[in-house]
Amino acid sequence: SFGPEDAPVTVIEYASLTCGHCRNFHLNVWPAFKEKYVDTGKVRFIMREFPFDPRSSAGFMLARCAGDDKWYATIDLLYRTQDNWARSSDGSGSLKAVMGMTGMDEAAFEACLRNEELQQQVQAVFEAGREFGVDSTPTFFVNGEMYKGVLSIDRFSEIVDPLIAASGQ
């Protein structure tokens, strides 16, 4: 998560690492959103894993295995290199090459993907999302209200600004 726990607005994103729309949000909307709302303490942003396929699950597992200090940088790298690994004929080899950029060696890569407990944790986040009605990515919850698809910074402003104003900030 990003931003203060006591921010007046909480935005939760359910995303898949193989989703082109999620990549679009991450690369083209998130930087401006983060600067305008998260960095100013007005929004707490939480990203939740919602992998639709084994490659996305693997990516999320690998990001967790990279460690808390490298988690976001790994997510960012996976989105930026999505074309290299998400639809590659050699998914494992392509993902291994990308993770090599983080310093993860082959033994750590293999051990991470064999970690059944970690796989179950990622799956549990997915299942919780389904219980909340998530069936596509990205799906955002803004103070509990669901919005599906990529939202532009202008659309986010239309939703978030009145909530911030109502909180007195």
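Below is a table of values for the structure above.
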| quantity | calculated |
| --- | --- |
| Verdict on residue 46 being among the hydrophobic types (A, V, I, L, M, F, W, C) and out of contact with any helix residue (DSSP H, G or I) (no Cβ under 9 Å at 6 or more places or on another chain) | yes |
| Qualifying residues in segment 15-55 (those that are hydroxyl-bearing (Ser, Thr, Tyr) and over 18 Å from residue 149 (Cα atoms)) - the one most open to solvent (accessible area, probe 1.4 Å) | 40 |
| Pairs with Cβ under 8 Å, 6+ apart, first in segment 95-124 and free of Cβ contacts under 8 Å to residues at least 24 places away in the same chain, second surrounded by fewer than 15 Cβ atoms within 10 Å (Cβ to Cβ) | 96/106; 97/84; 98/84 |
| Test for residue 109: is it open to solvent by 60 Å² or more (accessible area, probe 1.4 Å), among the aromatic types (Phe, Trp, Tyr) and more than 15 Å from the chain's Cα centre (by Cα) | no |
| Of residues in segment 56-71 being over 14 Å from residue 100 (Cα atoms) and in contact (Cβ under 8 Å) with a residue 24 or more places away in the chain, the one most open to solvent (accessible area, probe 1.4 Å) | 64 |
| Output for segment 74-103, where each listed residue is modelled with pLDDT of 95 or more and not in a helix (DSSP H, G or I) | 81 |
| Selection count where residues are without any contact (Cβ under 8 Å) to a residue 60 or more places away in the chain and over 15 Å from the mean Cα position of the chain (by Cα), scope segment 4-37 | 5 |
| Answer residue from segment 135-169, given it is farther than 26 Å from residue 23 by Cβ and not in a helix (DSSP H, G or I) and is most open to solvent (accessible area, probe 1.4 Å) among those | 169 |
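The values are calculated or read from the model by the stated rules, or taken from the named source; none is laboratory data. In this text the structure is predicted, and so the values were computed from the model without any measurement. Ideal geometry is used to build each Cβ from the backbone, glycine not excepted, and the neighbour counts take in all protein chains shown. With ligands, DNA and RNA removed, areas are computed over all heavy atoms of the protein, side chains included. Shrake-Rupley method; radii C 1.70, N 1.55, O 1.52, S 1.80 Å.
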